[in-house]
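The values are calculated or read from the model by the stated rules, or taken from the named source; none is laboratory data. Remember, predicted model here, so these are calculated numbers, not experimental data. With ideal geometry, Cβ positions are generated from the backbone for all residues, glycine too; neighbour counts draw on all protein chains shown.
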Amino acid sequence: MSIKEIRGIARDTLTFILEVSKSTAPNEFAGLLRAENGVITEVVVLPGTESSEVSAVMHLFMMPTISIAGSVHSHPTPNVRPSRHDLALFARTGNCHIIAGFPYDERSWRCYTVNGSRKNLPVLDVDFEDV
Ligand code: ZN
């Protein structure tokens, strides 16, 4: 399984992430990011993510191997820095990890590498037919 370098996220996918984060708040939501041709286009929402981040990690352990670019989850506050649990989650999946914080707008999310460093993730206007 080779993970291509991620060059961005589809605008529609980011909008979906922010809307789900908003509707789930104050609970957290978590999912996996799937990419096609280096562009994140799909979110696989993990079951049982209304509970703590620890249980989200445990669900991740139980998932069959699928091609994933990274992870996404929400925070109920504007603090979008990765927690210790987040870094453990990051280490299990790819190299592109989105945290969406309150108020879940275009400026209240960040992307991180597996090590928790900031990662630039361009938002791309893609035609899904072309991906
Ligand atoms: Zn977190």
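For the range 84-131, residues that are among the aliphatic types (A, V, I, L, M) and either over 15 Å from Val72 (Cα atoms) or in contact with a Lys or Arg (Cβ under 8 Å, 6 or more places away or on another chain) (or both) total 6. If the condition is being in contact with a strand residue (DSSP E or B) (Cβ under 6 Å, 6 or more places away or on another chain), in contact (Cβ under 8 Å) with a residue 40 or more places away in the chain and farther than 15 Å from Ile68 by Cα, then the range 84-110 contributes Ala100, Trp109. State the number of residues belonging to the range 21-39 that are assigned to a strand (DSSP E or B), under 23 Å from Pro78 (Cβ atoms) and modelled with pLDDT of 90 or more. The qualifying residues number 1. For the range 99-110, a residue qualifies if it is surrounded by fewer than 21 Cβ atoms within 10 Å (Cβ to Cβ) and closer than 14 Å to Ser83 by Cα, and the qualifying residues are Gly101, Arg110. The set of residues from the range 88-109 being modelled with pLDDT under 95 and within 9 Å of the ligand (Cβ to nearest atom) comprises just one member, Leu89. Among the residues of the range 66-80, is there at least one that is surrounded by fewer than 21 Cβ atoms within 10 Å (Cβ to Cβ) and at pLDDT below 90? Yes - at least one qualifying residue is present in the range 66-80.
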